[in-house]
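Asks: Pasting a structure here, questions to come.
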Amino acid sequence: MFDFARSGLSKKLTIISVLSTGSALLLVFFAFAATTVLSHTGDERKQLSSLAG
């Protein structure tokens, strides 16, 4: 497949940069998704309590 030990420095730096950027983007995506879901459920809870009142 891909021999990381025998590749050049430029390729190693590119791979490390792509992996770190990709993992940071995934982390931000999951944090945004979690806050969106929590906010939406909180809004629904407030709406239901106001309708019940």
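The values are calculated or read from the model by the stated rules, or taken from the named source; none is laboratory data. Not measured: the values here are computed from a predicted model. Because the Cβ atoms are built from the backbone with ideal geometry, glycine has one as well, and the counts that use them run over all protein chains shown. The protein model used for the area step is the full one, side chains on, heavy atoms only, and it has no ligands, DNA or RNA in it. Shrake-Rupley method; radii C 1.70, N 1.55, O 1.52, S 1.80 Å.
Quick grid of which residues meet (1) hydroxyl-bearing (Ser, Thr, Tyr); (2) touching a Cys at 6+ places or on another chain (Cβ under 9 Å); (3) modelled with pLDDT of 90 or more:
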{"residue": "Ala5", "(1), (2), (3)": "no, no, no"}
{"residue": "Leu13", "(1), (2), (3)": "no, no, yes"}
{"residue": "Ser23", "(1), (2), (3)": "yes, no, yes"}
{"residue": "Leu27", "(1), (2), (3)": "no, no, yes"}
{"residue": "Phe32", "(1), (2), (3)": "no, no, yes"}
{"residue": "Thr41", "(1), (2), (3)": "yes, no, yes"}
{"residue": "Arg45", "(1), (2), (3)": "no, no, no"}
{"residue": "Leu51", "(1), (2), (3)": "no, no, no"}
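Asks: Further question: Consider region 15-36. How many of its residues are of a type in the set (A, V, I, L, M, F, W, C) and open to solvent by less than 90 Å² (accessible area, probe 1.4 Å)?
Replies: Count: 5.
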